[in-house]
Number of protein chains: 2
Amino acid sequence: MFERCEYLTRIKGVQTRMAAHGLGALLLTQEADIRYLTGYLTRFWESPTRPWFLVLPAKGLPIAVIPSIGAALMAQTVVEDIRTWSAPNYSDDGVSLLTSTLRDVAGSDPIGTPFGIESHLRMPLGDWMRLSGDVTISTDHGVMRAARMVKSPAEVDAIRAACQIAGGAFALLPEIARARTPLSSVFRGFQMLCLEEGADWVPYLAGGAGADGYDDVISPASDAPLEVGDILMLDTGVIKDGYFSDFDRNFAVGKPSDAATRAYENLMIAMQAGEGALRAGNTASDVFYAMDKICTGGAGGQSAGRLGHGLGLQLTEGLSFTADDHTVLEEGMVITLEPGVSVSGGAGLIVHEDDYVVTATGWERLSPKPPEQMVRLDG
Amino acid sequence: MFERCEYLTRIKGVQTRMAAHGLGALLLTQEADIRYLTGYLTRFWESPTRPWFLVLPAKGLPIAVIPSIGAALMAQTVVEDIRTWSAPNYSDDGVSLLTSTLRDVAGSDPIGTPFGIESHLRMPLGDWMRLSGDVTISTDHGVMRAARMVKSPAEVDAIRAACQIAGGAFALLPEIARARTPLSSVFRGFQMLCLEEGADWVPYLAGGAGADGYDDVISPASDAPLEVGDILMLDTGVIKDGYFSDFDRNFAVGKPSDAATRAYENLMIAMQAGEGALRAGNTASDVFYAMDKICTGGAGGQSAGRLGHGLGLQLTEGLSFTADDHTVLEEGMVITLEPGVSVSGGAGLIVHEDDYVVTATGWERLSPKPPEQMVRLDG
């Protein structure tokens, strides 16, 4: 958890945005939103059973309306008003407590909750209907999304630390992966390396391996062994102090083909093109077009749908590098550049990703500098 | 992924339940529900950006309405009709494609989606409102919850495998944890042990350590060192082939106090009481009361809210061992017993958890037999 003043600043920042839309209260149900305003960090969200609610008034500290099992941990945060019930409760799982809290806080002013892209409703729809029958809740006008998009120095430090950990694990990969190692062993061993390097946990690992790239970047590992000539890609998100890294590395098993070598070189050119456009004042769309020109010759995108995105409390959050995202880049935004290129025009893709923070003068790479050529694994 | 017939059986089972409620289609947005019917397994759900939809007709195979980035992986499942769009799309993130699919499939019949406890809406509320303006969607009458609650032999095997892995890691814990080891190192090292023992990944680890038990079972690790006299508890959920274990173990750092020893013995008596009531035909409530009699002398529960729960595709799912859960136990249900007792009546708690499947003749413990006394870590 950060210093208390970090959360007070965030709370104030969101309340300023709320005031611009006349919101009397904000209802939050998701882990990242609740943690953003309080620092409440637990892996217990893995259990879907209990809902958790945070109510942010127009002024003052947020109010937690949570299952009693979480009260001791919530009491360590900035939150002072913690209202609990013993969950699960089949007849009223916090709904009446939440209803009265929202009424207390908002009076007759509008209540907002995240409605837009990336937001989910982390409570049962049946309970939402019941709640909506008693209090009117509408969009938060994107105030949480906007507030979270620009990171504080403390947040940037945490993401940098996560990136260094993942970078350390990637540097050690040749020790555990070579021709004939099953992909599932590579995945398992890589996660152990991330922990050894200091990750608190490893929420995300995906990847692929194939002779001329891979057609799928979101699969879990099969038991198929690596083969000479394969390109192996691992894409990981590790957690340090509650913040994510999110970048990948490509490895050549033995000597890569000329086509794969050229594709990787092209990918590095696409990264440089993205970096060239990455500065405060440009839009996300500008960065997309700079990379897409190299990746597809300017076709306007690929099936993956974007060439990078924001990150922080979540593996992916905030802006997307697409043709249609006109978010203006600001100092403090943390993003990934994630272009992909096809290998010799075939179905096989290779994808590279690095993490950056937008600075006053341009950008700083938070992940380690990528190798100019693919690192070779023993054949 | 299991054999094709496993998914066909599940699909048929859910459709039989749908027919009983006259549902023409089911809309699913959550990972576990979509995976239950298809076997679609990816850690990409960690990214909140893209919504994923599965539409189950009254007859025939489910239809996937998903971002194109997932098409290659979905094509490996039983699903044949895969409708994609390039996501994220800020003007229409799959909503019109989903609307037309639901209309095609359901005609004028009712459409259901999970509305009850543990279900969330994994799509933006704004898009849900838009969808609901075009097609009427109401409760699924709990058909997904009911179907998932009774496990197939293949599911029980997967959960048993996950439990054996976590059990192996617990057996090795004394090698990495002793007096003066920081709790954060214990957590990191334990996750490495889980991977070494064969876990695909480790989505959940929580725990606590304190002189007379702990007051919080959901915290992440601090850097505080273990001290002689502490009781250390680790509660983990590891994944093997997409299925969870969920159980804990308590360890004594050095020689435990008499009060802690007695509390642990009492906890084992509570487990035996739970096991004594755990059989097909009894209710969840029966099992709760059997344990609560030992834990609180019959006070009717503690602040944690329940004394165990179902598990499977999720860390916690299905029934809860509470006074109010009248679910009738059936052969094939996989559950945890998770009683807690206070140490000498103070604020400190110790909690024990094991995993079981209800069988034709009683139960089988899926986690290894717990030690009769707390395992000691070096002081």
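In segment A:268-287 there is at least one residue matching the filter, namely being in contact with a Ser or Thr (Cβ under 9 Å, 6 or more places away or on another chain), farther than 30 Å from A:R43 by Cα and of a type in the set (S, T, Y).
Within segment A:75-104, being within 9 Å of another protein chain (Cβ to nearest Cβ) and buried (at least 21 other Cβ atoms within 10 Å of the Cβ) holds for A:A87, A:P88, A:D93.
Could you list, in sequence order, the residues of segment A:40-72 that are surrounded by 19 or more Cβ atoms within 10 Å (Cβ to Cβ), more than 8 Å from chain B (Cβ to nearest Cβ) and touching a residue at least 40 places away in the same chain (Cβ under 8 Å)? Result: A:P51, A:W52, A:F53, A:V55, A:L56, A:P57, A:P62, A:I63. For segment A:169-197, the set of residues classified as more than 7 Å from every other protein chain (Cβ to nearest Cβ) and surrounded by 21 or more Cβ atoms within 10 Å (Cβ to Cβ) consists of A:A169, A:F170, A:A177, A:L183, A:V186, A:F187, A:F190, A:L193, A:C194, listed by residue number. Among the residues of segment A:198-239, the ones that are assigned to a loop (DSSP other than H, G, I, E, B), within 10 Å of another protein chain (Cβ to nearest Cβ) and not polar (S, T, N, Q) come to 9 in all. Within segment B:362-379, the set of residues being out of contact with any Ser or Thr (no Cβ under 8 Å at 6 or more places or on another chain) and in a loop (DSSP other than H, G, I, E, B) comprises B:G362, B:P368, B:K369, B:P370, B:P371, B:E372, B:D378, B:G379. Scanning segment A:4-39 for residues that are out of contact with any strand residue (DSSP E or B) (no Cβ under 8 Å at 6 or more places or on another chain), buried (at least 17 other Cβ atoms within 10 Å of the Cβ) and either within 14 Å of chain B (Cβ to nearest Cβ) or free of Cβ contacts under 8 Å to residues at least 40 places away in the same chain (or both) yields A:Q30, A:E31, A:A32, A:R35, A:Y36, A:G39.
Does A:H352 satisfy the condition of being buried (at least 19 other Cβ atoms within 10 Å of the Cβ), out of contact with any strand residue (DSSP E or B) (no Cβ under 6 Å at 6 or more places or on another chain) and either modelled with pLDDT of 95 or more or of a type outside the set (A, V, I, L, M, F, W, C) (or both)?
yes
A single entry from B:A284, B:A273, B:A304 fulfils the requirement of being assigned by TED's automatic domain parsing to the domain that holds B:P370 and more than 19 Å from the chain's Cα centre (by Cα): B:A273. If the requirement is being at pLDDT 95 or above, assigned to a strand (DSSP E or B) and within 30 Å of B:P174 (Cα to Cα), which of these qualifies: B:V334, B:V341? From the options B:V334, B:V341, the qualifying one is B:V334. Anything in segment B:132-143 that is touching a residue at least 24 places away in the same chain (Cβ under 8 Å) and away from every other protein chain (no Cβ under 12 Å)? List them, or say none. Hits for segment B:132-143 are B:D134, B:V135, B:T136, B:V143.
Count of segment A:303-337 residues, restricted to those that are within 17 Å of A:L267 (Cα to Cα) and touching a residue at least 40 places away in the same chain (Cβ under 8 Å), is 5.
If you scan segment A:272-285, which residues turn out to be of a type in the set (A, V, I, L, M), part of a helix (DSSP H, G or I) and touching a helix residue (DSSP H, G or I) at 6+ places or on another chain (Cβ under 8 Å)?
Within segment A:272-285, A:A273, A:A277 qualify.
Being surrounded by fewer than 18 Cβ atoms within 10 Å (Cβ to Cβ), touching a residue at least 12 places away in the same chain (Cβ under 8 Å) and more than 10 Å from chain B (Cβ to nearest Cβ) is a property that holds for A:G107. Inspect all residues belonging to segment A:246-253 and state whether any of them is in a helix (DSSP H, G or I), closer than 15 Å to A:E353 by Cβ and more than 14 Å from chain B (Cβ to nearest Cβ). Taking every residue of segment A:246-253 in turn, none turns out to be in a helix (DSSP H, G or I), closer than 15 Å to A:E353 by Cβ and more than 14 Å from chain B (Cβ to nearest Cβ).
Residue under question is B:S119, and the condition is that it be part of a helix (DSSP H, G or I), within 8 Å of chain A (Cβ to nearest Cβ) and either modelled with pLDDT of 95 or more or touching a strand residue (DSSP E or B) at 6+ places or on another chain (Cβ under 7 Å) (or both); does it hold? No, not satisfied. Checking A:G332, A:G308 one by one, the residue that is closer than 27 Å to A:Y204 by Cα and buried (at least 24 other Cβ atoms within 10 Å of the Cβ) is A:G308 and no other. In segment A:152-165, the residues that are under 14 Å from A:T359 (Cβ atoms) and assigned to a helix (DSSP H, G or I) form Cβ pairs under 6 Å with partners that are of a type in the set (S, T, Y) and modelled with pLDDT of 95 or more, at six or more places apart or across chains, as follows: A:I159/A:Y243.
The values are calculated or read from the model by the stated rules, or taken from the named source; none is laboratory data. Worth saying up front: this structure is predicted, and the values here are computed from it rather than measured. Cβ coordinates were reconstructed from backbone atoms using ideal geometry, including for glycine residues, and neighbour counts include every protein chain displayed.
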